[in-house]
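Comments concern the structure below.
The values are calculated or read from the model by the stated rules, or taken from the named source; none is laboratory data. From a predicted model like this one, the values you see are computed outputs, not experimental measurements. Quick reminder, even Gly has a Cβ in these numbers, built from the backbone with ideal geometry, and neighbours come from all protein chains shown.
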Amino acid sequence: MWIKWVTIHESYGLPRMANECRHYLEMKGIRVRLLSRKTQRTGHVYVLQVPEKQRDQALEWLHQFKNRL
């Protein structure tokens, strides 16, 4: 069965922030994948993706995580 992944966060040149978000969501039981791609202007873009079924819960946890910073 295919899993549809949706993007919930993008970091431009900040792999640590994307990795911290990934780690936090994994601790909360959310499946996460972190992708990176090289761009011509900003250098690198780090994309945090979750399965579509877990999107709403992941966005709630991510919002709480960002408010704590």
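Hey, does the stretch 43-59 have a residue that's of a type in the set (A, V, I, L, M, F, W, C), at pLDDT below 95, buried (at least 16 other Cβ atoms within 10 Å of the Cβ) and not in a strand (DSSP E or B)? No, every residue in the stretch 43-59 fails to be of a type in the set (A, V, I, L, M, F, W, C), at pLDDT below 95, buried (at least 16 other Cβ atoms within 10 Å of the Cβ) and not in a strand (DSSP E or B).
Let's see how each residue does on (1) in a strand (DSSP E or B); (2) surrounded by fewer than 16 Cβ atoms within 10 Å (Cβ to Cβ); (3) modelled with pLDDT under 90; (4) not aromatic (Phe, Trp, Tyr):
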| residue | (1), (2), (3), (4) |
| --- | --- |
| Ile30 | no, no, no, yes |
| Gln40 | no, yes, yes, yes |
| Gln64 | no, yes, no, yes |
| Asn67 | no, yes, no, yes |
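Among the residues of the stretch 11-28, what is the count of those that are in a loop (DSSP other than H, G, I, E, B), surrounded by 13 or more Cβ atoms within 10 Å (Cβ to Cβ) and at pLDDT below 95?
Residues flagged as in a loop (DSSP other than H, G, I, E, B), surrounded by 13 or more Cβ atoms within 10 Å (Cβ to Cβ) and at pLDDT below 95 within the stretch 11-28 amount to 1.
Scanning the stretch 1-10 for residues that are of a type in the set (D, E, K, R) and at pLDDT below 95 yields a single hit, Glu10. Could you please let me know if Ile8 is part of a loop (DSSP other than H, G, I, E, B), among the hydrophobic types (A, V, I, L, M, F, W, C) and surrounded by 11 or more Cβ atoms within 10 Å (Cβ to Cβ)? Judged against the criteria, Ile8 is not a match.
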